[in-house]
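Q: Following this message is one structure expressed as structure tokens.
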Amino acid sequence: MSDTPKNPFEQMLQQAQEMAKAMNPGLENFSPKGFEALWPTMPKEVMEMMFGNTVNKDGLDAKTRLLLTLAGLTCQGAQADAAVRQTVRHALEAGARKQEIVETIGQMSVFAGIPAMTRALDLAQEVMGDNEDEDQ
């Protein structure tokens, strides 16, 4: 038997892996999830200043804006794994409770469908599972 891929997609993946290994052996085991760790979670005060109601006193606070962002990402099918996880991390930092995050995602099942909701919940759980000591 041969190690040759059977379809063009498998061949493309194999070529990309070989190229990455040739350029930098460390890239062979690259994980996008590990890359996410390079982006720190902003402190709540910074989020309020940038996304909250600091400039617009009667506007939405950072927590509400982040829950809205999470709703939008869910409606898009929760296809942007890193964006969903990062938004959940920031929402928790901005004061959102796990229950509020779950309710936000659950509400989007009406608009985005059960598969999108389930995908978003799985991604959110990855983040919320890391924060077991947090408020439920």
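Q: Check the straight Cα-Cα distances from LYS6 and name the lysines below 16 Å, setting aside those fewer than 8 residues away within the same chain.
A: none
Q: Hey, another quick one. In whole Hz and in residue order, list the ³J(HN,Hα) couplings for the stretch 92-105 that follow from phi through the Karplus curve 6.51 cos²θ - 1.76 cosθ + 1.60, θ = phi - 60°; x for Gly and Pro.
A: The phi angles translate into 4, 5, 7, x, 6, 7, 4, 4, 5, 5, 4, 5, 4, 5 Hz.
Q: So which lysines pass the test for LYS98, namely a Cα distance under 29 Å, with those fewer than 8 places away in the same chain ruled out?
A: LYS33, LYS44, LYS57, LYS63
Q: Additional query: Any idea what the alpha-carbon Rg over 2.2 N^0.38 Å comes to for the stretch 33-129?
A: 1.04
Computed from the coordinates by the stated procedures, all read-outs in this text should not be read as laboratory data. Small disclaimer: the values here were computed from a predicted structure and weren't measured.
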